[in-house]
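A short worksheet on the structure shown next.
The values are calculated or read from the model by the stated rules, or taken from the named source; none is laboratory data. Note that this is a predicted model, so its numbers are computed, not measured. Here Cβ is always computed from backbone atoms with ideal geometry, including for glycine, and neighbour counts include all displayed protein chains. Calculation scope for accessible area: heavy atoms of the full protein, side chains included, ligands and nucleic acids excluded. Shrake-Rupley method; radii C 1.70, N 1.55, O 1.52, S 1.80 Å.
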Amino acid sequence: MIIAAIAIGLVLVVAVTFWVSASGEKAPEAIATPKATPSLPQGPGGQYGYAAARKTDPKPLTAKELFGKAKIAEEGRSYRRTTHKYDKVCKGAISGAKLEKALKDAGCNQLIRASFRDAQGKVIGTVGVANLKTSAGAKKVANAGAGAERKDFLKPLPGKDEISKFLGQGEAYAGGWYHGHYAVLLWFQFKDGHKPKKSELKRLTQAAVDITNQTVFAALDTRSINGAPA
């Protein structure tokens, strides 16, 4: 199985994308990125507000908070959540010694995963959110394993349906983004497991962005501005 990496550092104004291909192919141009965090009208200030560190954002995440939206639609594209899982022991949801060490060093105390499929039944993916102590730790976790060959990644979470049950079979694109003290880890692939061509990378990236913008980043934006929900 060959895995390539997506690594995106989400900041207030811009998000920078780069791909690392296990086959050594030239990286494609960035074609989709998560939306930027809105300006913060209240709270402790700084780039991520309350969500900058667990000290100012101590309440644990919940699967409902992150992935309560079961159906997602964006500009004619649609997706459905097929399963989710809460891991208190973070290393159980990832693969790779470097990523495991980064999670441990960053004080990971929970990692919540959810899997999705698109309406056509061709694109499937898993999104995971790790709760770390600081923004610096989250950035290290999101970037762990980047290199010529991806050995550290989020474990895909197969669903019980006839489409997302194939998660983890074949070749995929994996990597991470970060927002404050949270690392957002990704695994996206085609259902049949084929290695995506450069022309197909946009579809995988767009699916990850569509899904996370309406689930994970919507929830984390709220935490940045208002703190954890009551």
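Is it the case, given these coordinates, that residue 134 is within 13 Å of the chain's Cα centre (by Cα) and either at pLDDT 95 or above or open to solvent by less than 50 Å² (accessible area, probe 1.4 Å) (or both)? Write out each step before concluding.
Details: within 13 Å of the chain's Cα centre (by Cα): no; either at pLDDT 95 or above or open to solvent by less than 50 Å² (accessible area, probe 1.4 Å) (or both): yes.
So residue 134 fails the test.
Of all residues in the range 52-65, count the ones that are farther than 9 Å from residue 228 by Cβ and either open to solvent by 40 Å² or more (accessible area, probe 1.4 Å) or under 17 Å from the mean Cα position of the chain (by Cα) (or both).
Initially, the range 52-65 is screened for residues farther than 9 Å from residue 228 by Cβ, giving 52-56, 62-64.
Restricting the remaining residues to those that are either open to solvent by 40 Å² or more (accessible area, probe 1.4 Å) or under 17 Å from the mean Cα position of the chain (by Cα) (or both) gives 54-56, 62-64.
Matching residues across the range 52-65 total 6.
Scanning the range 202-230 for residues that are open to solvent by 10 Å² or more (accessible area, probe 1.4 Å) and within 24 Å of residue 122 (Cβ to Cβ), which turns out nearest to the chain's Cα centre (by Cα)?
This residue is 213.
Kindly provide the set of residues from the range 97-115 that are within 29 Å of residue 72 (Cα to Cα) and either open to solvent by less than 20 Å² (accessible area, probe 1.4 Å) or modelled with pLDDT under 95 (or both), ordered by number.
Step one: filter the range 97-115 for residues within 29 Å of residue 72 (Cα to Cα), giving 108-115.
Matches in the range 97-115: 110, 111, 112, 113, 114, 115.
Is it fair to say residue 195 is open to solvent by 10 Å² or more (accessible area, probe 1.4 Å), assigned to a loop (DSSP other than H, G, I, E, B) and out of contact with any Lys or Arg (no Cβ under 7 Å at 6 or more places or on another chain)?
Working: open to solvent by 10 Å² or more (accessible area, probe 1.4 Å): yes; assigned to a loop (DSSP other than H, G, I, E, B): yes; out of contact with any Lys or Arg (no Cβ under 7 Å at 6 or more places or on another chain): yes.
Against the criterion (open to solvent by 10 Å² or more (accessible area, probe 1.4 Å), assigned to a loop (DSSP other than H, G, I, E, B) and out of contact with any Lys or Arg (no Cβ under 7 Å at 6 or more places or on another chain)), residue 195 qualifies.
Output the residues belonging to the range 164-189 that are of a type in the set (Phe, Trp, Tyr), open to solvent by 10 Å² or more (accessible area, probe 1.4 Å), over 9 Å from the mean Cα position of the chain (by Cα) and modelled with pLDDT of 90 or more.
Start the filter on the range 164-189 by keeping residues that are of a type in the set (Phe, Trp, Tyr), which leaves 166, 173, 177-178, 182, 187-188.
Adding the requirement that they be open to solvent by 10 Å² or more (accessible area, probe 1.4 Å) leaves 166, 173, 178.
Next cut, over 9 Å from the mean Cα position of the chain (by Cα) only: 166, 173.
Once the filter is applied, which keeps residues that are of a type in the set (Phe, Trp, Tyr), open to solvent by 10 Å² or more (accessible area, probe 1.4 Å), over 9 Å from the mean Cα position of the chain (by Cα) and modelled with pLDDT of 90 or more, the range 164-189 yields only 166.
Give me the strands (runs of 3 or more DSSP E) completely within the range 36-136, filtered to those with at least 2 residues that are touching a Lys or Arg at 6+ places or on another chain (Cβ under 6 Å), ordered by residue number.
Hits in the range 36-136: 77-87, 110-118, 123-131.
Can you tell me which residue in the range 139-162 is modelled with the highest pLDDT, limited to those that are closer than 22 Å to residue 115 by Cβ and assigned to a helix (DSSP H, G or I)?
Checked the range 139-162; the qualifying residue modelled with the highest pLDDT is 141.
What number goes with the only condition from (1) surrounded by fewer than 17 Cβ atoms within 10 Å (Cβ to Cβ); (2) out of contact with any strand residue (DSSP E or B) (no Cβ under 8 Å at 6 or more places or on another chain) that residue 161 does not pass?
If we test residue 161 against (1) surrounded by fewer than 17 Cβ atoms within 10 Å (Cβ to Cβ); (2) out of contact with any strand residue (DSSP E or B) (no Cβ under 8 Å at 6 or more places or on another chain), just (2) comes out false.
Report yes if residue 141 is of a type outside the set (S, T, N, Q) and surrounded by 24 or more Cβ atoms within 10 Å (Cβ to Cβ), otherwise no.
Details: of a type outside the set (S, T, N, Q): yes; surrounded by 24 or more Cβ atoms within 10 Å (Cβ to Cβ): yes.
So residue 141 fits the description; yes.
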